[in-house]
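J.: A single structure is presented below for examination.
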Ligand SMILES: Cc1cc2nc3c(=O)[nH]c(=O)nc-3n(C[C@H](O)[C@H](O)[C@H](O)COP(=O)(O)OP(=O)(O)OC[C@H]3O[C@@H](n4cnc5c(N)ncnc54)[C@H](O)[C@@H]3O)c2cc1C
């Protein structure tokens, strides 16, 4: 039996739109909203549900005008409904490659291809992997990138969190409520996390901080995580933590692999673009977490989206 | 939306069902599960030959434990009641189809 992998798109000539927005997080949804509202025919590509990281955030405490009673998911769904009301069409397919050298640009998914006069890259970022041997196979077997998703499976057990930023510390605080003991493994001797987290961390008596330590190996028993081997970077001493789970929170990695050298990226893979989202290619823009910038938040993502759509509309006007 | 089944239904709807069944072990409070949901609905709508069910791990912890689920979402493919494939995490449609075709 062969399943339906060929949507309608394969059969027909690719349609051409004014604007293709890749990624339906806050940046992409806002870009699509502004694009459609200024009269551009707009396609919004999304590999999962619309919403991006914002939709996975339980409480959004710092989006102006919204109190903590609004979850990130609800806000994201409202953004999507609003964009749709202005005529944005969402295509639930992953963009796997783009050809920016042809006019109009060619956008390919596993199910078809599309052409667009302007493109906004708003693909955001996903949690970075640590790069440990067997990390991939052990996902779902004790390796996790989402403490709030998977913490409950390790209720009453000992677990480790790797990282030192806000996400790592928030994970530790969350896990300390449900697990017996939580180790925080950080490669430096102080945390990057925001000050308010430090105080909350200090109040927890079932947390042990492992400073100057890097995770080197996952200890595996019966196909599951049974521990993690650490090395102290200052003393070179080794230590094994007997833990049932390792939560990895070592930052984010931009989703730019599909661009395959078509756009200029910085050394971490973020798209180089100015505040209006302009890249070196006059009809291609970047918005949101995927762009080089200092502060990656919902509020800066939506601002980027509005800017990039405005720049795209300007480009199309100027070409007329 | 794909039907959420209870522990009691699992036997008849999955283990005793002929052909392919895709089970999504999820939790109501899990962000990546919400991200995956519409993708699964599309797969279900476009592939009548595959039954897609969801198991809420809080309502049916016994079933989740039986399949060693320690991460949500976990997807398990059954053929004639036997596990043939499984994966974790929210993924795009082509990955789900590949999982079903493998
Ligand atoms: C746990 C957590 C808590 C957070 N808390 C806050 C907070 O309290 N306040 C705040 O302001 N910010 C918070 N953030 C950050 C905020 O969510 C992000 O800055 C924001 O979502 C970025 O928006 P974006 O649209 O640029 O990218 P994303 O939200 O990452 O969206 C990108 C979208 O593109 C899609 N995509 C990627 N590649 C492709 C492709 N090839 N084809 C099709 N689609 C693709 C992805 O599936 C995704 O939906 C938090 C983030 C996390 C992870």
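The values are calculated or read from the model by the stated rules, or taken from the named source; none is laboratory data. Quick caveat, the model's predicted, so the values are computed rather than measured. Glycine also receives a Cβ, built like all others from the backbone with ideal geometry; neighbour counts cover every protein chain displayed.
J.: Name the single residue that is farthest from the ligand (Cβ to nearest atom) among those in region A:32-81 being assigned to a loop (DSSP other than H, G, I, E, B) and at positive phi.
T.: Per the stated criteria, the residue is A:39.
J.: In region B:28-40, how many are more than 7 Å from chain A (Cβ to nearest Cβ), at pLDDT below 95 and within 19 Å of residue B:92 (Cα to Cα)?
T.: 1
J.: Just a yes or no: is a residue in region A:132-145 assigned to a helix (DSSP H, G or I) and touching a helix residue (DSSP H, G or I) at 6+ places or on another chain (Cβ under 7 Å)?
T.: no
J.: Report yes if residue A:286 is touching a strand residue (DSSP E or B) at 6+ places or on another chain (Cβ under 8 Å) and in contact (Cβ under 8 Å) with a residue 12 or more places away in the chain, otherwise no.
T.: yes
J.: While we're looking at this one, here's another question. Kindly check whether there is at least one residue in region A:178-188 that is within 14 Å of chain B (Cβ to nearest Cβ), assigned to a helix (DSSP H, G or I) and surrounded by fewer than 19 Cβ atoms within 10 Å (Cβ to Cβ).
T.: Yes, that holds for at least one residue.
J.: Search region A:109-119 for residues being under 16 Å from residue A:16 (Cβ atoms) and in contact with a helix residue (DSSP H, G or I) (Cβ under 9 Å, 6 or more places away or on another chain), and hand back the single one that is nearest to the ligand (Cβ to nearest atom).
T.: A:109
J.: Condition test on residue A:117, is it more than 13 Å from residue A:95 (Cα to Cα) and either modelled with pLDDT of 95 or more or not in a loop (DSSP other than H, G, I, E, B) (or both)?
T.: Criteria met by residue A:117.
J.: Taking region A:280-293 as the region of interest, how many residues are outside any strand (DSSP E or B) and within 12 Å of the ligand (Cβ to nearest atom)?
T.: 5
J.: Look through region B:68-100, keep the residues that are over 25 Å from residue A:126 (Cβ atoms) and surrounded by fewer than 17 Cβ atoms within 10 Å (Cβ to Cβ), and return whichever of them is nearest to the other protein chains (Cβ to nearest Cβ).
T.: Checked region B:68-100; the qualifying residue nearest to the other protein chains (Cβ to nearest Cβ) is B:79.
J.: Of all residues in region A:88-105, count the ones that are part of a strand (DSSP E or B), surrounded by fewer than 18 Cβ atoms within 10 Å (Cβ to Cβ) and touching a residue at least 60 places away in the same chain (Cβ under 8 Å).
T.: Of the residues in that region, 2 qualify.
J.: Looking at B:55, B:63, can you tell me which residue is more than 9 Å from chain A (Cβ to nearest Cβ) and over 11 Å from the mean Cα position of the chain (by Cα)?
T.: Exactly one residue qualifies, and that residue is B:63.
J.: Separate question: Just to be sure, is residue A:146 within 14 Å of chain B (Cβ to nearest Cβ), within 16 Å of the ligand (Cβ to nearest atom) and under 23 Å from residue B:65 (Cα atoms)?
T.: yes
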